[in-house]
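The values are calculated or read from the model by the stated rules, or taken from the named source; none is laboratory data. Every value quoted in this text rests on a predicted model; they were computed, and no experiment measured them. Methodologically, a virtual Cβ is constructed for each residue, glycine included, from the backbone with ideal geometry; neighbour enumeration extends over all protein chains shown. For the accessible areas, the whole protein counts, side chains as well, though only heavy atoms, and no ligand, DNA or RNA atoms are used. Shrake-Rupley method; radii C 1.70, N 1.55, O 1.52, S 1.80 Å.
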Amino acid sequence: MEPATMAWTLAAAGFALVYWFVWVMGAAEVQGKRAVDLQMGSIAGDKVGDKYSQYWSFFRSPKETAAAATADKVPAFVDTFYNLVTDIYEWGWGQSFHFSPSLPGRSHRDATRVHEERVADLLEARPGKRLLDVGCGVGGPMRAIAAHSGSNVVGITINEYQVNRARAHNRKAGLDAQCEVVCGNFMAMPFPDASFDGAYSIEATCHAPRLQDVYGEVFRVLKPGGLYVSYEWVTTPLYRADDPEHVEAIQGIERGDALPGLRRQDEIAAVAKEVGFDVVKELDLALPPSHPWWTRLKMGRLSYWRNSLLIRALTLLRVAPKGVSEVHEMLFETAQHLTRGGETGIFSPMHMVLLRKPEPAAAAE
Ligand SMILES: C=C(CC[C@@H](C)[C@H]1CC[C@H]2C3=CC[C@H]4[C@H](C)[C@@H](O)CC[C@]4(C)[C@H]3CC[C@]12C)C(C)C
Ligand SMILES: C[S@@+](CC[C@H](N)C(=O)[O-])C[C@H]1O[C@@H](n2cnc3c(N)ncnc32)[C@H](O)[C@@H]1O
């Protein structure tokens, strides 16, 4: 081959390789977000590093002091966290920001959908019903539940960037007539009393410093007789506070997921009763016969490596803002702690409670 032809062939092959690596390999789990679209929510490109340091400063003071002194600062801290991670989550995981038990022989997408549709079925959702999605992310569950049940869903999230992403996805899916999204704090919701037929939260209330504050609000906005399903992040009875390995995994999960402190499994139903709910059902969906929820994290090692490389390249080329690599590295570490929590059985991200707001007559008994 002529040297010039050889050079052109090599250049074309190199270009094709880079194109494949960035556009194809780096494509989103669920079509939509690509590596080249990674932003840091509503944070300006040159402020990502500062915001990332600000995020970490929350964990610097001793735990007890931090929890007490900063409870009122948690929503802002959680908002910063979601500005930092939303695009990476969408790109590397999909539009549903939660785990699900794996289903042998079926895709992650199917497993996610089944886990979401279970919520709609538990709520007996159907056309004409108005549901509340407490901590809705970019709306993956909301769209699955609206499509499956025909009900209307209103989602609330503290993060404005997620509101815009969720609205765009709703329009694209043709579900914007059924799905609405509001920016606000689920501990002080901008909805009138008794304005929803049902409510659910999927892996979101773990961000509340006091579970009473969010469960109390859900109780207020539900109609009497209305059902509420929550998938809660908890430590299980296998967790030992005197085992350094257990403590390391749980603290790692808290630091990498913007949690003011994980709750024990037995606290959930107690808080629900305290705010007035009847507990209809309580079940840890992570326990057998369910298949492990953490295998999806373990299987992704090769893609983490690819993603990390891709992010570094895009940062160097100034396509992705500086600081994305650090955030990605933090998520990689968090994935190890979550996997450890799953393998040891000390942690569950899907402790399910089904609650009912009593009818007035029943409440008076
Ligand atoms: C409910 C919450 C979030 C749960 C999960 C959706 C996310 C927890 C950890 C996240 C991830 C970890 C590793 C990332 C990987 C390094 C990257 O290359 C691609 C994205 C990840 C897989 C990312 C995806 C989302 C999680 C699994 C919390 C916040 C309450
Ligand atoms: C892990 S994501 C789960 C999102 C969604 N439920 C899903 O499964 O895709 C947690 C969500 O809770 C929201 N959230 C956390 N604290 C909140 C608060 N105080 N008020 C409103 N939303 C909050 C976050 O903004 C985010 O959308």
- [ ] Say whether the condition of being crowded, with 19+ Cβ neighbours inside 10 Å and farther than 26 Å from V279 by Cα is met by at least one residue in the range 148-160.
- [x] yes
TODO: Return yes or no: is V214 outside any loop (DSSP other than H, G, I, E, B) and either more than 16 Å from ligand 1 (Cβ to nearest atom) or out of contact with any helix residue (DSSP H, G or I) (no Cβ under 6 Å at 6 or more places or on another chain) (or both)?
DONE: no
Open item on the list: Any residue that is touching a Gly at 6+ places or on another chain (Cβ under 7 Å), part of a strand (DSSP E or B), modelled with pLDDT of 95 or more and among the hydroxyl-bearing types (S, T, Y) - is there at least one of those in the range 196-210?
Closed with: yes
Open item on the list: For the range 329-357, which positions are open to solvent by less than 20 Å² (accessible area, probe 1.4 Å) and outside any helix (DSSP H, G or I)?
Closed with: I346, F347, S348, P349, M350, H351, M352, V353, L354, L355
Task: Odd one out for R263 among (1) surrounded by 15 or more Cβ atoms within 10 Å (Cβ to Cβ); (2) within 24 Å of L103 (Cα to Cα); (3) touching a strand residue (DSSP E or B) at 6+ places or on another chain (Cβ under 8 Å) - done: (2)
- [ ] Looking for whichever is within 12 Å of ligand 2 (Cβ to nearest atom) and outside any helix (DSSP H, G or I) here; the options are D133, D193. Which one fits?
- [x] D133
- [ ] Can you tell me which residue within the range 83-130, out of those that are assigned to a helix (DSSP H, G or I) and among the small types (G, A, S), is modelled with the lowest pLDDT?
- [x] G92
Task: Residue tally, condition near ligand 1 (Cβ under 10 Å from one of its atoms) and closer than 17 Å to E254 by Cβ, over the range 74-89 - done: 4
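Table: residues versus (1) hydroxyl-bearing (S, T, Y); (2) open to solvent by 50 Å² or more (accessible area, probe 1.4 Å); (3) in a helix (DSSP H, G or I); (4) within 14 Å of ligand 1 (Cβ to nearest atom).
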| site | (1), (2), (3), (4) |
| --- | --- |
| P224 | no, yes, no, no |
| S230 | yes, no, no, yes |
| W233 | no, no, no, yes |
| L238 | no, yes, no, no |
| H246 | no, no, yes, no |
| A258 | no, no, no, yes |
| E267 | no, yes, yes, no |
| K273 | no, yes, yes, no |
| A286 | no, no, no, yes |
Open item on the list: Just the residues that are away from ligand 1 (no atom under 12 Å from the Cβ), open to solvent by 90 Å² or more (accessible area, probe 1.4 Å), hydrophobic (A, V, I, L, M, F, W, C) and in a loop (DSSP other than H, G, I, E, B), please, taken from the range 288-323.
Closed with: L317
Open item on the list: Please determine whether any residue of the range 155-163 is of a type in the set (A, V, I, L, M, F, W, C), modelled with pLDDT of 95 or more and more than 16 Å from the chain's Cα centre (by Cα).
Closed with: no
Open item on the list: Being at pLDDT below 75 and either over 21 Å from L259 (Cα atoms) or open to solvent by less than 50 Å² (accessible area, probe 1.4 Å) (or both) is true for just one of K63, K33. Which residue is that?
Closed with: K33
Open item on the list: Looking at E326, E282, can you tell me which residue is of a type in the set (D, E) and not in a helix (DSSP H, G or I)?
Closed with: E282
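Here's the yes/no breakdown for (1) polar (S, T, N, Q); (2) without any contact (Cβ under 8 Å) to a residue 24 or more places away in the chain:
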residue	(1), (2)
W93	no, no
R106	no, yes
D110	no, yes
V114	no, yes
V138	no, no
A147	no, no
T157	yes, no
Open item on the list: Can you tell me how many residues within the range 88-113 are of a type in the set (D, E) and either open to solvent by 20 Å² or more (accessible area, probe 1.4 Å) or over 12 Å from the mean Cα position of the chain (by Cα) (or both)?
Closed with: 1
